[in-house]
Amino acid sequence: MQDILNDICKTITAEPNKGKVASYIPELACIDPEQFGISVALPDGQVFNAGSAHQLFSIQSISKVFTLTIALGKLGDAIWSRVGREPSGDPFNSIVQLEHEGGKPRNPFINAGAIAVTDAIMMGHKPRETLGEILQFVRFIADDNSIGIDEKVAQSEKLTGDRNASLAHFMAAFGNLKNPVEQVLGTYFHHCSISMSCEQLAQAGLFLVSDGINESTGFRVVSAQRARRINSLMMMCGHYDGSGEFAYRVGLPGKSGVGGGILAIAPGKASIAVWSPGLDSIGNSKLGTQALELLVQKTGWSIF
Ligand code: DON
């Protein structure tokens, strides 16, 4: 495995076209696109790294996997009255479907869906309390208490967050937000601003590899059925309007973030995190996707 990762790292770092770093969040616009990291965590506790696998980056929308998991724990299937389970076929920050679909976002991974999920888990609590709960959960599944939030990124998101604010107000007008819009947005911006390394992220994904149990720590995080369902949502919706392309090229459930990270799950085999800050035109990591494509070719880990 180490040789495979070293090879991938060599190929990816030699690629001339790295994609473009997210510019709509100023704090992310200044990240060096030349960086690359990959980490593969196996259920038996082994971890393989290559490149900048210990470098912290902004996990952005990958946090939506964690907030969905918390929401399912708190509300169970009731969450599905607030958000759907279908791919949107539209960009991650699109507002168009909301108007025709009664303010109910298509899925929990587009921005509108994740804002509704964030609102659902707040349950009348203050942002600080909800964020404490989200961080505690992420630290638990990653087995790492050092994980935190990059306050500068959160403030940067807030400054340029008009589009997310529009989505939130629009949903509030349909009665699909229960807490004050400003508080929901503040909580959402902050959980998107959690910083993690590839190694921490791969570790955090382990519960989705082994039917809900993080075998490296021995803790059950969710039921087997729930783990399978979260994986299915990642497969169908984890890359927005690029989800079909990701399924075609990589063939694994995955969730991307505009920080350039991707968490991919090979059920029964491994949890994989890659990071390359340059994005494709849809907003998914360009070389991160290529690295996963190479990894799956070399390991045969596609679920198909
Ligand atoms: O709300 C936003 O736009 C960002 N905090 C997250 C978007 C994101 O990561 C989309 N993923 N590729």
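The values are calculated or read from the model by the stated rules, or taken from the named source; none is laboratory data. Note that the coordinates shown come from a computational prediction; the quantities given were computed from them, not determined experimentally. When we count neighbours, we look across all protein chains shown, and the Cβ atoms used for this are built from the backbone with ideal geometry, even at glycine.
Scanning the range 95-131 for residues that are part of a helix (DSSP H, G or I), surrounded by fewer than 20 Cβ atoms within 10 Å (Cβ to Cβ) and without any contact (Cβ under 8 Å) to a residue 60 or more places away in the chain yields Val96, Gln97, His100, Arg128, Glu129.
The set of residues in the range 248-293 being crowded, with 24+ Cβ neighbours inside 10 Å and assigned to a helix (DSSP H, G or I) consists of Leu287, Gly288, Thr289, Ala291, Leu292. Residues that are within 16 Å of the ligand (Cβ to nearest atom) and either outside the structural domain of Ile272 (by TED's automatic domain parsing) or touching a Leu at 6+ places or on another chain (Cβ under 6 Å) (or both) within the range 22-53 comprise just one, Ala22.
The numbered conditions (1) crowded, with 16+ Cβ neighbours inside 10 Å; (2) over 18 Å from the mean Cα position of the chain (by Cα); (3) hydroxyl-bearing (Ser, Thr, Tyr) are all true for Ser81 except (1).
Within the range 58-87, residues that are over 25 Å from Asn284 (Cα atoms) and outside any helix (DSSP H, G or I) have Cβ atoms under 7 Å from residues that are at pLDDT 95 or above and within 16 Å of the ligand (Cβ to nearest atom) in these pairs: Arg82/Ala116, counting only partners at least 6 apart in sequence or on another chain.
Out of Ala142, Ala120, one residue alone is over 17 Å from the mean Cα position of the chain (by Cα) and on the phi < 0 side of the Ramachandran plot. It is Ala120.
Is it true that Ser281 is of a type in the set (Ser, Thr, Tyr) and under 19 Å from Gly113 (Cβ atoms)? Considered against the rule, which asks whether it is of a type in the set (Ser, Thr, Tyr) and under 19 Å from Gly113 (Cβ atoms), Ser281 comes out as no. Identify, please: which residue in the range 1-27 is part of a helix (DSSP H, G or I) and modelled with pLDDT under 95 and is, among those, surrounded by the fewest Cβ atoms within 10 Å (Cβ to Cβ)? The residue in question is Pro26. Flag not set for Ala71, criterion: in the same structural domain as Arg229 (by TED's automatic domain parsing), within 19 Å of the chain's Cα centre (by Cα) and at pLDDT 95 or above.
Residues that are within 11 Å of the ligand (Cβ to nearest atom) and surrounded by fewer than 24 Cβ atoms within 10 Å (Cβ to Cβ) were ranked within the range 210-242; the one that is farthest from Val83 (Cα to Cα) is Gly242.
Glu99 fulfils the conditions (1) modelled with pLDDT under 95; (2) charged (D, E, K, R); (3) in contact with a Leu (Cβ under 8 Å, 6 or more places away or on another chain) except for a single criterion, (3). Leu263 falls short on exactly one of the conditions (1) over 24 Å from Ala112 (Cβ atoms); (2) within 16 Å of the ligand (Cβ to nearest atom), and that condition is (1). The one condition from (1) within 15 Å of the ligand (Cβ to nearest atom); (2) closer than 24 Å to Lys18 by Cβ that Val65 does not meet is (2). With the condition kept exactly as written, say whether any residue in the range 230-250 is free of Cβ contacts under 8 Å to residues at least 60 places away in the same chain, closer than 19 Å to Leu68 by Cα, of a type outside the set (Ser, Thr, Tyr) and out of contact with any Leu (no Cβ under 8 Å at 6 or more places or on another chain). Scanning the range 230-250 turns up at least one residue that is free of Cβ contacts under 8 Å to residues at least 60 places away in the same chain, closer than 19 Å to Leu68 by Cα, of a type outside the set (Ser, Thr, Tyr) and out of contact with any Leu (no Cβ under 8 Å at 6 or more places or on another chain). Restricting attention to the range 184-209, the residues that are within 16 Å of the ligand (Cβ to nearest atom), among the polar types (S, T, N, Q) and buried (at least 24 other Cβ atoms within 10 Å of the Cβ) total 2.
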